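Down below is the structure, laid out as structure tokens.
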Amino acid sequence: MCAFVLKQPLSKKDLSVLSERFSEADPESIDLLVRWLICSTDLEHYLNSHFAQFSTSQARFSCLMTIYRSPDHCVKPIDIAERLGVTRGNMTGLLDNLEKDGLITREDDPKDRRINYVKLSKKGTLLLKSILPMHFLRIKELTNCLSKNEQKVFLTCIEKMNHKINDMHSLCNKKYVNKDSE
């Protein structure tokens, strides 16, 4: 998440000034994006404070949940990294700390020593089982301000935006790569 994000939406006057100065500026689109960023940041802070009550972080929780959802609560580190969208280096550091805290164990593949697996320890499973009831209640509480229909519409909007973001990101990467090759 961005380290610096506006904490308040732009005023109508600010949006009007931007659209007067830049013909490309659409006040409604800018307002939507700024409010979405504010909401995302607020959600991240909310989740961080929730996980802090259990002396953990969102990153550690996400990693533990990825392992928990895997068959036999066992998975390759590279698969965790791919599912969480992080680098192998970041994953290694996170797994080292989880192992040091006794929340996971690492096991070599008996058929191929180059492959290892990460498995939830009993302590890791107990931690998740202590977090999840409150976590699910908070999710329910957070989303019950929307009707079931509004939740479906919101989910559809998020999926559309995420698809568009990924398309635009791919296009930007292609343009960036092409500029480097010139």
Exercise for the section: Identify the residue in the stretch 157-169 that is open to solvent by 100 Å² or more (accessible area, probe 1.4 Å) and among the charged types (D, E, K, R) and, among all such residues, is modelled with the lowest pLDDT. Expected result: Lys164
Exercise for the section: Working only within the stretch 124-152, note down all residues that are loosely packed, with under 12 Cβ neighbours inside 10 Å and either in a helix (DSSP H, G or I) or among the aromatic types (Phe, Trp, Tyr) (or both). Expected result: Lys129, Ser130, Pro133, Phe136, Leu137, Lys140, Glu141, Lys148, Asn149, Glu150, Lys152
Problem - The lone exception for Phe154 - which of (1) more than 18 Å from the chain's Cα centre (by Cα); (2) of a type in the set (Phe, Trp, Tyr); (3) at pLDDT 95 or above it fails - result: (1)
Practice task
For Ile67, work out the one condition from (1) closer than 25 Å to Pro133 by Cβ; (2) at pLDDT below 95; (3) within 23 Å of the chain's Cα centre (by Cα) it doesn't fulfil.
Solution key: (2)
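Just for helices (runs of 4 or more DSSP H) wholly inside the stretch 1-113: which have at least 2 residues that are open to solvent by 80 Å² or more (accessible area, probe 1.4 Å)?
The qualifying helices (runs of 4 or more DSSP H) are 12-21, 27-52, 77-84, 88-100.
The values are calculated or read from the model by the stated rules, or taken from the named source; none is laboratory data. The shown structure was predicted, so the numbers you read here are calculated from the model rather than taken from an experiment. Note that each Cβ is placed from the backbone with ideal geometry, even for glycine, and that neighbours are counted across all protein chains shown. Ligands, DNA and RNA are stripped out before the accessible areas are found, and what is left, the full protein with its side chains, is counted by its heavy atoms. Shrake-Rupley method; radii C 1.70, N 1.55, O 1.52, S 1.80 Å.
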